[in-house]
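J.: First the structure, which I've put down as structure tokens, then a few questions once you've had a look.
The values are calculated or read from the model by the stated rules, or taken from the named source; none is laboratory data. Bear in mind the structure is a predicted one, so any value in this text is a computation, not a measurement. Every residue, glycine among them, receives a Cβ derived from its backbone with ideal geometry; neighbour counts consider all protein chains shown.
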Amino acid sequence: MLLVALWHAFEIPHAEMPAGVEWVFNVLSVYRVPMLMFLSGLLLDHSLRKRTGMYVGGKLRAIAWPLVVWSAILLLVGWPADAANPWFWLGDAAHLWYLGVLLACYAIGLLVRWVHPIVIFAAGFIAMELIHTDIAFVNNTLWFGLYFFAGAAASRWLDRWFRVRWFVPGAALIAASAWAVYSATVNGYVPIAHWRPLVLSLLGVAAVVWFAGRMPRVRWLEWVGERSIVFYVAHVPLIFLTVRLIGETFPAPLMFAVVIAVMLSGCYLLARYLSGSVLFVFPPIRARRRPEPYTDEKVRATER
């Protein structure tokens, strides 16, 4: 999520990113959003232990609600978008597409109660090959949904994966990174909707998960991760507002520094003080409890 935010901090202020920076972010695209989707899929089985109503309500409160709220905020800050387009409200503008795709994945994920996630992954792979459309939401769901259901399937084999020797994930990491370097150099942004980047990216993501499981805990990173929805939805409006306010006052290197500083500090303050507010989660609806009948026993207890 932080890699996505930093990428936008360099991408939005200028039409063209510095060449070296763009190359680095193109290399990291093998890991960036695929890792987000894979990790979300790892948690699917845990979410499905809840009753269906709680499962659906939780996703609507914590994903659909901030998607709608921050789509509206994008309009308020002047982000160029067509509010009359229904796809806009599913995240078809800016960075919020990820939340729309995540909602679609969780909706399809209900099937995992009856079907193994690897079956859904296979069906999604076939659909990706057969369905061709100009609708970004559909394309993103078909592509990044594969990482989500790969993560859901991997959650059942994670213990075995953590027991393999280091050279297996090491080889996977080298293969994925070599492909990322080659593709970023030759093709620019690593291509999607093709089996080769899918396989190599999944190898790299699985390797990162293996190595991350052996790293010491990083408290500040855990804190950010627990409030990742705040950092994710808020960072683009903060970048956009900063760029609009300062214009081209500063040279490019200083502008990037200012944008990153404002983005991170603004996201921190929102996460620190407003992460539980209606900006990021719909307030829980508590059912009104019926008053208990005033029985004879209660009368006698009151008299005593």
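J.: Hey, residue 21 hits all of (1) surrounded by 17 or more Cβ atoms within 10 Å (Cβ to Cβ); (2) of a type in the set (Val, Ile, Thr); (3) part of a helix (DSSP H, G or I) but one; which does it fall short on?
T.: Of the numbered conditions (1) surrounded by 17 or more Cβ atoms within 10 Å (Cβ to Cβ); (2) of a type in the set (Val, Ile, Thr); (3) part of a helix (DSSP H, G or I), the odd one out for residue 21 is (1).
J.: Scan the stretch 203-224 residue by residue and report those that are in contact (Cβ under 8 Å) with a residue 40 or more places away in the chain, assigned to a helix (DSSP H, G or I) and not hydrophobic (A, V, I, L, M, F, W, C).
T.: The answer is 204, and nothing else.
J.: Now a separate question. Give just the number: which of (1) modelled with pLDDT of 90 or more; (2) part of a helix (DSSP H, G or I) does residue 279 not satisfy?
T.: The single condition residue 279 does not satisfy is (2).
J.: Among the helices (runs of 4 or more DSSP H) contained in the stretch 32-119, which hold 1 or more residues that are buried (at least 17 other Cβ atoms within 10 Å of the Cβ) and touching a residue at least 60 places away in the same chain (Cβ under 8 Å)?
T.: Working: elements: 32-42, 44-48, 52-59, 65-76, 97-109.
Correct list: 32-42, 44-48, 65-76, 97-109.
J.: Scan the stretch 82-113 residue by residue and report those that are among the small types (Gly, Ala, Ser) and under 23 Å from residue 267 (Cα atoms).
T.: Restricting attention to the stretch 82-113, the residues satisfying the condition of being among the small types (Gly, Ala, Ser) are 83-84, 91, 93-94, 100, 104, 107, 109.
Result: 91, 93, 94, 100.
J.: Within the group 111, 142, 130, which residue is under 23 Å from residue 45 (Cβ atoms) and either touching a Leu at 6+ places or on another chain (Cβ under 9 Å) or at pLDDT below 95 (or both)? Reasoning before the result, please.
T.: Details: 111 fails: either touching a Leu at 6+ places or on another chain (Cβ under 9 Å) or at pLDDT below 95 (or both); 130 fails: under 23 Å from residue 45 (Cβ atoms).
So the residue among 111, 142, 130 that is under 23 Å from residue 45 (Cβ atoms) and either touching a Leu at 6+ places or on another chain (Cβ under 9 Å) or at pLDDT below 95 (or both) is 142.
For every residue, the table says whether it meets (1) exposed (fewer than 12 other Cβ atoms within 10 Å of the Cβ); (2) closer than 30 Å to residue 178 by Cα; (3) within 20 Å of the chain's Cα centre (by Cα); (4) of a type in the set (Gly, Ala, Ser).
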position	(1), (2), (3), (4)
215	yes, yes, no, no
224	no, yes, yes, no
237	no, no, yes, no
255	no, no, no, no
263	no, no, yes, no
266	no, no, yes, yes
280	no, no, yes, no
